[in-house]
Each structure stands twice: as C-alpha cells, then as structure tokens.
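**Student:** First, the structure itself, so that you have it in front of you.
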Amino acid sequence: MIQELIIFLKNQYFLAIYFVTWLVAVYRYKRYFDTVLKYLPILIIYTFFTELLGYFIKNHADFQFFSDDRYNWHNVIIYNVYQIVTFLFFYWVYWKTLKNKSSKKVIEYGAYLCSLSYLVNTFIQNPLHKQLTYAHAIGSLILVFAIILYFKEKKSEDNPYPQKHNLLYWVSTGLFIFYAFFPFILLSDYFNLSISTQYHLRITLLTFIALMYLLFIVGLLIGKRKAFR
C-alpha cells in the first residue's frame, strides 16, 4: 500500500504541488481575505480535485464517465470545464482590480470573446472526448493580454509598497509565464504530436505548472495586505 502511494505521488507529483499551495493559501488567508483573490484557495483545491478525478477516470473503471469501452478512459471534459472556470475567474480578478475604464472594457469584451470561442469550438471538437484546443488558446492569449494591462497600470502608478509584497503581482507573474507558452504547446500537440514528443513539450508544460505554483507560494508567503493590488 505504501509502495503504491509512493509510486502514485512520484508519477503525479504536481498533485502534491497543488495541495501544498492550497495549504499555504489557507494558512495565509487573513492577508488577502478581503481582496479579489479571496476565492483563490477554492480555485486551487478545485484544481487539485480536477487532477485527482482525471487520474482516477483514466486509470480506474469505477470512475469512468462512459460505458463504451472506446471512451471509458476519456476524462477531457472535466479539463475543458476547469479551463473555462479558470479563465473567467481571472478575467474577473483583473476586471475588478484595474482602474482604467478602457482596460476594464477590454477585459470585459475579452471574457465575451472567450465564452464565444468555447461555444463555437464545441461545434468543431466534441468537448466530451476532445480538448477544446482553439478555445483554450484564445482564452490564454486574452488572459496574457489582461495581465499585461495589469503590469502596465502597476508600472505607471505611485505605490509606496514594493511589488515583492504584492500577492497579485506574484500570481500574475506565474500566470503570465505559464499562459504565454500554454497555447503554443496545445497547438503543437494538436497539429503535430511528433514535435511535442521530440522536444518533450509535456515535460516543459509540467515544468511551467510547477514554476507557476511556486510563484504563487512565494507570493502567499511574503505578500502583505497593504501592498496588495
């Protein structure tokens, strides 16, 4: 039993990263409980359970969604839903945070575009069995643009507190690093899987995930309420 657990954690090490990040987020919650990131612990634990469920669906018959043996290991629908929730959550975060009305309007339109892209993508790819690649890519680029607007506004404002104590700045940096590359890895997988295999892009993707959550943890540990925004 213990040996099986060790093997499981070794192969699914990112689950441990999600869980540790969630523990730190809960421990430091009083530092940002009244900010736009107050729902961040919920999103993190949702990420953890999504990955955990995805593992069990793929590897255990008791957790399968489909009775057809051709699809009984398919778990992509939960990731499609997860990605929509993640995008909309962070669009809301930046829409609430930014002061510039034009920037807020851009993010609002971006959220509409992202939602529409998922709707259209379902006619191209079956969301029950296929990753909504195009919609994920569009949603990623919109989020990256929202983060750029945030960084631009932060650079121009007068803030007496250093950015190293701003939790949202660390979260934004982590998101930017991951989602700037995420669309290209997705599209590479979709159009030419051999390239992804040759250049080990899945390992690269997992590395970016680990880096993103490491930056989340740093921000949670050193972030201060007065420096938030």
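The values are calculated or read from the model by the stated rules, or taken from the named source; none is laboratory data. Quantities reported herein were computed from a predicted structural model and do not represent experimental measurements. Neighbour counts run over all protein chains shown; Cβ positions are idealised from the backbone, glycine included. These area figures cover heavy atoms from the full protein model, side chains too; ligands, DNA and RNA do not enter into them. Shrake-Rupley method; radii C 1.70, N 1.55, O 1.52, S 1.80 Å.
**Student:** What number comes out for the charge environment of Leu23, summing +1 per Lys or Arg and -1 per Asp or Glu over other residues with Cβ under 15 Å away?
**Tutor:** On the way: positive: Arg28, Lys30, Arg31; negative: none.
That works out to +3.
**Student:** Same structure again: May I ask you to evaluate 6.51 cos²θ - 1.76 cosθ + 1.60, the Karplus curve with θ = phi - 60°, for each residue of segment 81-98 and list the ³J(HN,Hα) values in order in whole Hz, giving x for glycine and proline?
**Tutor:** Each residue of segment 81-98 in turn: 5, 4, 5, 4, 4, 4, 4, 5, 4, 6, 4, 5, 4, 6, 5, 6, 7, 5 Hz.
**Student:** Ranked from highest to lowest mean number of other Cβ atoms within 10 Å per residue, what is the order of the peptides 21-28, 135-142?
**Tutor:** Working: 21-28: 18.0, 135-142: 22.9.
Order by mean packing, descending: 135-142, 21-28.
**Student:** Could you compute how much accessible surface Glu108 exposes when probed at 1.4 Å, giving the result in Å² to the nearest 10?
**Tutor:** The accessible area comes out at roughly 60 Å².
**Student:** A follow-up question, please. Heavy atoms only, probe 1.4 angstrom, no DNA, RNA or ligands counted: give me Trp170, Trp95 ranked by accessible area, highest first.
**Tutor:** On the way: Trp170 55, Trp95 90 Å².
In descending accessible area the options line up as Trp95, Trp170.
**Student:** Output wanted: per-residue J couplings in Hz (rounded whole) for segment 214-219, from phi through Karplus 6.51 cos²θ - 1.76 cosθ + 1.60, θ = phi - 60°, x for Gly and Pro.
**Tutor:** With coefficients 6.51, -1.76 and 1.60, one gets 5, 5, 4, 4, 4, x Hz.
**Student:** Now for a different question. Using θ = phi - 60° and the Karplus curve 6.51 cos²θ - 1.76 cosθ + 1.60, what whole-Hz ³J(HN,Hα) does each residue of segment 38-55 get, with Gly and Pro shown as x?
**Tutor:** Each residue's phi maps through the Karplus curve to give 5, 9, 4, x, 5, 5, 5, 6, 5, 4, 4, 6, 5, 5, 5, 5, x, 5 Hz.
**Student:** Kindly rank 118-128, 143-153 from highest to lowest mean number of other beta carbons found within 10 Å of each residue.
**Tutor:** On the way: 118-128: 14.5, 143-153: 19.1.
So the order, starting with the most tightly packed, is 143-153, 118-128.
**Student:** So what is the accessible area of segment 114-229 per residue, in Å², with the probe set to 1.4 Å? All intermediate terms of the calculation are to be shown ahead of the outcome.
**Tutor:** Details: 6140 Å² over 116 residues.
Roughly 53 Å² per residue, with all protein chains present.
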